[in-house]
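Worksheet: one structure, shown below.
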Amino acid sequence: MKRMAVLTSGGDAPGMNAAIRSVVRIGIDKGWEVLGIQHGYAGLIADNVVPLGARDVSGVIQQGGTLLGSARCPEFKTEAARLQALRVLGKHEIESVIIIGGNGSQTGAYALSQLGFPVIGVASTIDNDLYGSDITIGVDTALNIALEAIDRLKVTASSHERAFLIEVMGHGCGYLALMAGIAGGAEAIVIPEVETDPESVATELRSAYERGKAHALVVVAEGARYNAAALARYFEEHHERLCFDLRVTTLGHVQRGGVPSAYDRLLATRLAADATERVTRGEHGVLVGLVKGEIAATPLTEVVANKKLLDPRLLELARVLAK
Ligand code: ADP
């Protein structure tokens, strides 16, 4: 029987399990034997390969994280490690691998495909910084978790007339902070894509109070030069002049562990099903994502050569809506 494999790599994202389940069940339906590679590229090199049947993916669609485990494997950047990966794939007679992950993982997928091995990527990262997919698996759930935290902080901020800083994840990308800031009605948003200095944040907050707002909420992306800790330090150091007490909440990994939303479950199921169908048709070297609302494949060469940019219209929208 023909064999294909699936692995999850990099940061875990809610919906990865739905994607694995989809690969397994669609793969079996198309006549494949499906194997799971545990712990990302680290497990691939170490030969952590297990068979996956339809019952092995029962009850996982509603769980965050990934049943296969994920890992960061810096070693995979070396050709020696990738050649070892080829040996493991050959030993198990695996014909094709589906790689579920974000930017780094798809760069690894590209490197493997450059050695002639058939791979297909599935776009999955809460950061939403992957070229080739308007939105990636896990973003919606992470965004809803950030939003819930913002809504709750706003209640207490209004009651005490305090300013709150909330830091959300996203590596070097401000997407989550920007969208959570817009949806949560933040007074200011600080993201890596826009150089923001603490004085301008202070001006925004002061002007919000002068306009009669009872609360002030700043959403900060972890990758911004002035992240929550740096901003809080600055406000503390200049307290006499700025006269603001900023309370800091850092969401961190809490944002990743959520129960996948309906949107993420469906996105993951559909992208992974499409990837599996492409494998069956003999396609490879592409990333499956959502492009202008449709499921589409983008060559991995294009994915690794391009950077996904934030829509500047959203930045302007956030600025005007905070008035
Ligand atoms: P994500 O996929 O969520 O962006 P990382 O950036 O941590 O996560 O990347 C996950 C893994 O992908 C890395 O630990 C490494 O094994 C692999 N990877 C990243 N960059 C490369 C690269 N340039 N070449 C080969 N493999 C890479």
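The values are calculated or read from the model by the stated rules, or taken from the named source; none is laboratory data. The structure presented is a predicted model; accordingly, all values stated were derived computationally and were not measured. Cβ placement follows ideal geometry from the backbone for every residue including glycine, while neighbour counts extend to all protein chains displayed. All accessible areas refer to the heavy atoms of the entire protein, side chains included, with ligands and DNA or RNA removed. Shrake-Rupley method; radii C 1.70, N 1.55, O 1.52, S 1.80 Å.
So, in region 148-176, of the ones that are more than 16 Å from the chain's Cα centre (by Cα) and among the aliphatic types (A, V, I, L, M), which residue ends up surrounded by the most Cβ atoms within 10 Å (Cβ to Cβ)? Result: Ile166. Within region 6-37, if we keep just the residues that are in a strand (DSSP E or B) and more than 16 Å from the ligand (Cβ to nearest atom), the residue that is nearest to Gly65 (Cα to Cα) turns out to be Gly36. Residues in region 60-78 that are open to solvent by 40 Å² or more (accessible area, probe 1.4 Å) and within 13 Å of Ala19 (Cα to Cα): Ile61, Gln62, Gln63, Leu67.
Any idea which of Ala46, Ala42 is among the small types (Gly, Ala, Ser), within 14 Å of the ligand (Cβ to nearest atom), at negative phi and in contact with a Cys (Cβ under 6 Å, 6 or more places away or on another chain)? Of Ala46, Ala42, the one residue that is among the small types (Gly, Ala, Ser), within 14 Å of the ligand (Cβ to nearest atom), at negative phi and in contact with a Cys (Cβ under 6 Å, 6 or more places away or on another chain) is Ala42.
Across region 211-222, the number of residues qualifying as at pLDDT 85 or above and open to solvent by 50 Å² or more (accessible area, probe 1.4 Å) comes to 1.
One line per residue, one yes/no per condition, for (1) in contact with a helix residue (DSSP H, G or I) (Cβ under 7 Å, 6 or more places away or on another chain); (2) closer than 21 Å to Leu130 by Cβ; (3) at pLDDT 90 or above:
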{"site": "Ile150", "(1), (2), (3)": "yes, no, yes"}
{"site": "Ser158", "(1), (2), (3)": "no, no, no"}
{"site": "Arg162", "(1), (2), (3)": "no, no, no"}
{"site": "Val168", "(1), (2), (3)": "yes, yes, yes"}
{"site": "Gly174", "(1), (2), (3)": "no, yes, yes"}
{"site": "Met179", "(1), (2), (3)": "yes, yes, yes"}
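So, Leu246, is that one buried (at least 19 other Cβ atoms within 10 Å of the Cβ) and of a type outside the set (Phe, Trp, Tyr) or not? Yes: the conditions hold for Leu246. Of (1) in contact with a strand residue (DSSP E or B) (Cβ under 9 Å, 6 or more places away or on another chain); (2) within 9 Å of the ligand (Cβ to nearest atom), Thr78 satisfies all except one. Which? All conditions pass for Thr78, except number (1). Could you check, for region 223-241, whether at least one of its residues is outside any helix (DSSP H, G or I) and open to solvent by less than 40 Å² (accessible area, probe 1.4 Å)? Scanning region 223-241, I find at least one residue that is outside any helix (DSSP H, G or I) and open to solvent by less than 40 Å² (accessible area, probe 1.4 Å), so the answer is yes. Here Ile126 does not fit the description of being farther than 30 Å from Leu231 by Cβ, near the ligand (Cβ under 10 Å from one of its atoms) and open to solvent by less than 20 Å² (accessible area, probe 1.4 Å).
Scanning region 31-49 turns up one or more residues that are of a type in the set (A, V, I, L, M, F, W, C), more than 16 Å from Leu112 (Cβ to Cβ), open to solvent by less than 40 Å² (accessible area, probe 1.4 Å) and in contact with a helix residue (DSSP H, G or I) (Cβ under 8 Å, 6 or more places away or on another chain).
Picking from Thr276, Thr298, which residue would you name as being out of contact with any His (no Cβ under 7 Å at 6 or more places or on another chain), assigned to a helix (DSSP H, G or I) and modelled with pLDDT of 95 or more? Every option except Thr276 fails the conditions. For the residues Ser96, Ser133, the requirement of being among the hydroxyl-bearing types (Ser, Thr, Tyr), within 13 Å of the chain's Cα centre (by Cα) and away from the ligand (no atom under 11 Å from the Cβ) singles out Ser133.
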